Amino acid sequence: MSNYRLSKYRPDVSSHDEWTSVSDIGRTHGGEALTHEAYLRVESLYLDAIADFIALADVAGLNATDVEQVPAGDIAALADADGLLAGDTLREVARKVLREELWCRLAGAKGTYVHFGYDYIVYLGSDAVSDWLPPAGLYAEPMPSPHARISGE
């Protein structure tokens, strides 16, 4: 199984004075104010990375579990007849999690998962992926998700 910790932070730098949330738009970090456009650029990198990883895993979609901050029915309404989120609907759910509008775990066939951590960290894993590289501007380190269930996910 391949497990990755996906982030915008360079792994070879020990401390970061960077934004960590959509709520940081307009605030200054590292001497530079985070603009809405800059935020959207990084958010799109994450969404593209997630879509690329799911495509590489070759799964039909993912189920949302442990949904917080919105009625679970809101996500269920986006899923297909099998309860799977795929394509644009999966992208929209991931966008909402990155924007802190909701939180959930995403999991599917072949041990594939997308978990969202703190400070704009995303964990990706799959039995079907042996090697993966994130898009330029993001970093992937081998690491299992701390949000996985004890029984595995």
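No value in this document is a laboratory result; all are computed from the given coordinates. Note that the structure is predicted; figures quoted are calculated from it, not measured. Counting neighbours? That spans all protein chains shown, and the Cβs are built from the backbone with ideal geometry, glycine included.
Things to note:
- Rg in Å to one decimal, and Dmax rounded to a whole Å, for the range 3-153 via C-alpha atoms: 15.2, 48
- Summing +1 for each Lys or Arg and -1 for each Asp or Glu among the other residues whose beta-carbon sits under 9 angstrom from that of P135 gives -2.
- Between helix 87-98 and the chain: long-axis angle, C-alpha atoms, 0 to 90°, nearest 10: 50
- Basic side chains Lys and Arg get +1 at the Cβ, acidic Asp and Glu get -1 at the Cβ, and with that the dipole of the chain about its Cα centre reaches some 120 debye.
- Selected from A55, A38, A140 as most flexible by GNM, with the chain as the system and alpha-carbon contacts under 10 Å: A38
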